[in-house]
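**Q** Structure in structure tokens, see below.
Bear in mind these aren't lab numbers, they're just calculated from the coordinates by the rules spelled out. Computed from a predicted structure; not experimentally measured. Cβ sites come from the backbone with ideal geometry, for glycine too, and all protein chains shown count toward neighbours.
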Amino acid sequence: QVQLVESGGGLVQPGGSLRLSCAASGSIFRSDVMGWYRQAPGKQRELVATITSAGFTNYAGSVKGRFTIFRDNAKNTVDLQMNSLKPEDTAVYFCRRLNDNTWGQGTQVTVSS
């Protein structure tokens, strides 16, 4: 069974950048759709971005133009580059393999001055 482990979270000032990484313990199948989601305190978990095996991407409107999702099937990783961060981006960020609904444990991102 594939396990997903996120890393790269932390505290950053508004306007700053962070890069999150999701590493799979097993192989990410080429047909898998991978995604990043987030959950802020008191709110429902929401989609941030997804990427198909062919590299087609989809973003939430609130992050479009600021965040970029990448995948490397050879390295079994899916990264999320986050630029121009805002306080409202503060949340726990989760990696997900959509095909079998596998989730990582999450990594905290806090945007604050």
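**Q** Using the Cα centre of region 1-65 as origin and beta-carbon charges of +1 (Lys, Arg) and -1 (Asp, Glu), tell me which of V48, G35, G61 is placed farthest towards the positive end of the dipole.
**A** Checked the options; the winner is G61.
**Q** Sequence gap at least 6, Cα distance under 8 Å: using those rules, report the relative contact order of the chain to the nearest whole percent.
**A** 37
**Q** Please give, to one decimal in nm, the separation of the simple spin-label points placed at V33 and N99, each 7 Å out from Cα toward the Cβ.
**A** Computed distance between label sites V33 and N99 equals 1.3 nm.
**Q** Would you calculate the separation in nanometres between label points at N58 and Q44, each defined as 7 Å from the Cα along the Cα-to-beta-carbon direction?
**A** Taking the simple label geometry, N58 and Q44 are separated by 1.6 nm.
**Q** Further question on the same structure: Can you give me the distance in nm between label points at L11 and S113, each placed 7 Å from the Cα along the Cα-to-Cβ direction?
**A** Label at L11, label at S113, 1.6 nm between them.
**Q** A further question follows. Identify which of N99, N73, N58 has the largest mean-square fluctuation in a Gaussian network model of the chain, with springs joining Cα atoms closer than 10 Å.
**A** Largest GNM mean-square fluctuation: N99.
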